[in-house]
Amino acid sequence: MRAADTVTVTVTPALSIAGALRVPGDKSISHRYALLAAIADGRSTIANYAPGADCASTLACVAALGAIVSRTPAAAPGEPPLVTIDGRGLRGLAAPGAALDCGNSGSTMRMLGGVLAAHPFISTLIGDASLSRRPMRRIIGPLSQMGATVTAGPGDRPPVTIQGANLTGIHFTPETPSAQVKSAVLLAGLQASGETTVLEPASTRDHTERALVAFGARVTVDGRLITVKGGQRLSGVSLNVPGDISSAAFVAVAAAAIAGSDVSITNVGLNPSRAALLDVLKRFGAEVEATVEGQWNGEPVGRLRVRHGAMKDLVITPDEVPEVIDELPVLATLGTFGGSVSVSGAGELRVKESDRIAELVAGLRAMGADADERPDGFQVRGGRRLTGGTVHARHDHRLAMAFAIAALGATGPTRIEGADAVAVSYPAFFEDLDRLAQRPN
Ligand code: S3P
């Protein structure tokens, strides 16, 4: 295997984006299915489990905690293998023999933290250089309040050490909207005595709530108030993971931005708490058709078609940010094709896999964009065609892919250094993009 951060990919301009695509399994949903399967009774099988490094980190961690994880070939050719997990039951995980490596995955560290807080042993969660810079105070507070002893490095950054305990349910109101933090508290609450509630300051993705129901638990959702009763046992189940709308976002944005484009994405998750992207694309002027064709384990799934339309200026307001947080890097690139893009209330971007405000603006400027940082967002002024150039992905999968989309509209080629970062969520991204990009012969 090649060492990370050694691959440079050159992306050349495209005339348009066209064709059909199936994106990899949803990363957020895959993490949750793996974690719940590990603490369920019996066997779960997960089809279309996300192929990236982040979700592999979750599987490695639950295996190190005694869940039996195996892969068997999928029923249909070309599909990813089925992941099978034999769970250890509620509070049944075993003490790990070494530190648990969460790699680049904040979701793994924060949500697994909630699971481990209820287990009567000490565990230490570590991550790569990027994850080791990310704030963990947000889980340390509530998990400590529930009765676990949780410590971290300077500035409440990883490594995180957890001495689990018999937890007591709490009523928790996070300061910042975060599905990872909500999930950590709900997972701890499932294993605590009494009831646990989370009152969200703004709605975030609700996959944990839906996944708990799929595994047989009862969860009450009343607007932004979520309640789970402790002590409910989960049952192993057979699951199918919808395609990841956050991965689909890259080609969807390219289709919205480039004249003559038309892409269809099949079997993609259309959960309303993830689909705000589609409203933003419509506001930008794209023709967007989203058709829900079914429910997979309580998650709406269907078809998405995006076509280019007249481009308008786009303003993304603070209240919209939590529901498009992962799509903001690629939405920024819309400003390099035509109308301008302005985002505020998105200070959280500074504590993602990279400082996504600083690195995004630096990369787009290196390609010729007229872009500026704000403390809590950015502005990309439209009307200046990119030239291309050399950018660095900064160990951030979504930056690597966002730069590739911007590159399609440049006048010359763009070299993306550290492009192997895409392996975190979408290993086949460049192959898929090449297939859809229409280029002069
Ligand atoms: C995620 C929640 C979001 C998102 C991340 C995945 C999840 O993070 O940015 O990529 O799966 O719950 P926050 O909870 O930190 O907002």
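The values are calculated or read from the model by the stated rules, or taken from the named source; none is laboratory data. Every value quoted in this text rests on a predicted model; they were computed, and no experiment measured them. So basically every Cβ, Gly included, is an ideal-geometry build from the backbone, and we count neighbours across all protein chains shown.
Here is how the numbers come out for the structure above:
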read-out	value
Residue within the stretch 86-96 that is under 25 Å from Gly216 (Cβ atoms), outside the structural domain of Pro427 (by TED's automatic domain parsing) and not in a loop (DSSP other than H, G, I, E, B) present	yes
Which listed residue is within 16 Å of the ligand (Cβ to nearest atom), within 18 Å of the chain's Cα centre (by Cα) and not basic (Lys, Arg), from Ala188, Ala252, Ala248	Ala248
Among residues of the stretch 398-427, those that are more than 16 Å from Ala254 (Cβ to Cβ) and outside any strand (DSSP E or B), counted	11
Pairs where the first residue, in the stretch 337-353, is at pLDDT 95 or above and the second is in a loop (DSSP other than H, G, I, E, B) and within 12 Å of the ligand (Cβ to nearest atom), C-beta under 7 Å, 6+ apart	Glu348/Thr176; Val351/Arg134; Val351/Pro135; Glu353/Asn104; Glu353/Asp396
Meets criteria (touching a strand residue (DSSP E or B) at 6+ places or on another chain (Cβ under 8 Å), buried (at least 22 other Cβ atoms within 10 Å of the Cβ) and over 21 Å from Ala437 (Cα atoms)) for Val315	no
Qualifying residue in the stretch 313-327 (condition: assigned to a loop (DSSP other than H, G, I, E, B), farther than 14 Å from Gly377 by Cα and either among the charged types (D, E, K, R) or modelled with pLDDT of 95 or more (or both))	yes
Search result, residues across the stretch 353-380 that are buried (at least 21 other Cβ atoms within 10 Å of the Cβ) and within 16 Å of the ligand (Cβ to nearest atom)	Glu353, Ser354, Arg356, Ile357, Glu359, Leu360, Gly377
Yes/no for Ala202 being within 16 Å of the ligand (Cβ to nearest atom) and assigned to a loop (DSSP other than H, G, I, E, B)	yes
Check on Thr227, hydroxyl-bearing (Ser, Thr, Tyr), touching a His at 6+ places or on another chain (Cβ under 7 Å) and more than 16 Å from the ligand (Cβ to nearest atom)	no
Within the stretch 280-293, tally of residues that are of a type outside the set (Val, Ile, Thr) and touching a residue at least 40 places away in the same chain (Cβ under 8 Å)	2
Residue list for the stretch 291-350, filter: charged (D, E, K, R) and closer than 20 Å to Arg365 by Cα	Asp313, Glu327, Arg350
Unique residue being at negative phi and not in a helix (DSSP H, G or I) when the list is Pro135, Pro142	Pro135
Residue list for the stretch 80-99, restricted to those being surrounded by fewer than 24 Cβ atoms within 10 Å (Cβ to Cβ) and closer than 25 Å to Thr45 by Cβ	Pro80, Pro81, Leu82, Thr84, Asp86, Arg88, Gly89, Leu90, Arg91, Gly92, Ala94, Pro96
Of residues in the stretch 205-224 being of a type in the set (Lys, Arg) and within 16 Å of the ligand (Cβ to nearest atom), the one surrounded by the fewest Cβ atoms within 10 Å (Cβ to Cβ)	Arg224
Breaking point among (1) surrounded by 24 or more Cβ atoms within 10 Å (Cβ to Cβ); (2) in contact with a Leu (Cβ under 9 Å, 6 or more places away or on another chain), for Asp244	(2)
Unmet requirement for Phe250, which otherwise passes all of (1) assigned by TED's automatic domain parsing to the domain that holds Gly298; (2) in contact with a Lys or Arg (Cβ under 8 Å, 6 or more places away or on another chain); (3) of a type outside the set (A, V, I, L, M)	(2)
Leading residue by the ranking (nearest to the ligand (Cβ to nearest atom)) among those in the stretch 171-185 that are over 19 Å from the mean Cα position of the chain (by Cα) and in a loop (DSSP other than H, G, I, E, B)	Pro174
Residues located in the stretch 5-64, provided they are among the polar types (S, T, N, Q), over 27 Å from Val181 (Cα atoms) and in a strand (DSSP E or B)	Thr8, Thr10, Ser16
Answer residue from the stretch 134-155, given it is within 14 Å of the ligand (Cβ to nearest atom) and within 14 Å of Val351 (Cβ to Cβ) and is surrounded by the most Cβ atoms within 10 Å (Cβ to Cβ) among those	Ile139
Criterion: within 16 Å of the ligand (Cβ to nearest atom), within 30 Å of Asn166 (Cβ to Cβ) and not β-branched (Val, Ile, Thr) - qualifying residue of Leu112, Leu90	Leu112
Residue satisfying condition, being among the hydrophobic types (A, V, I, L, M, F, W, C), surrounded by fewer than 23 Cβ atoms within 10 Å (Cβ to Cβ) and under 24 Å from the mean Cα position of the chain (by Cα), within set Val62, Val69, Val115	Val69
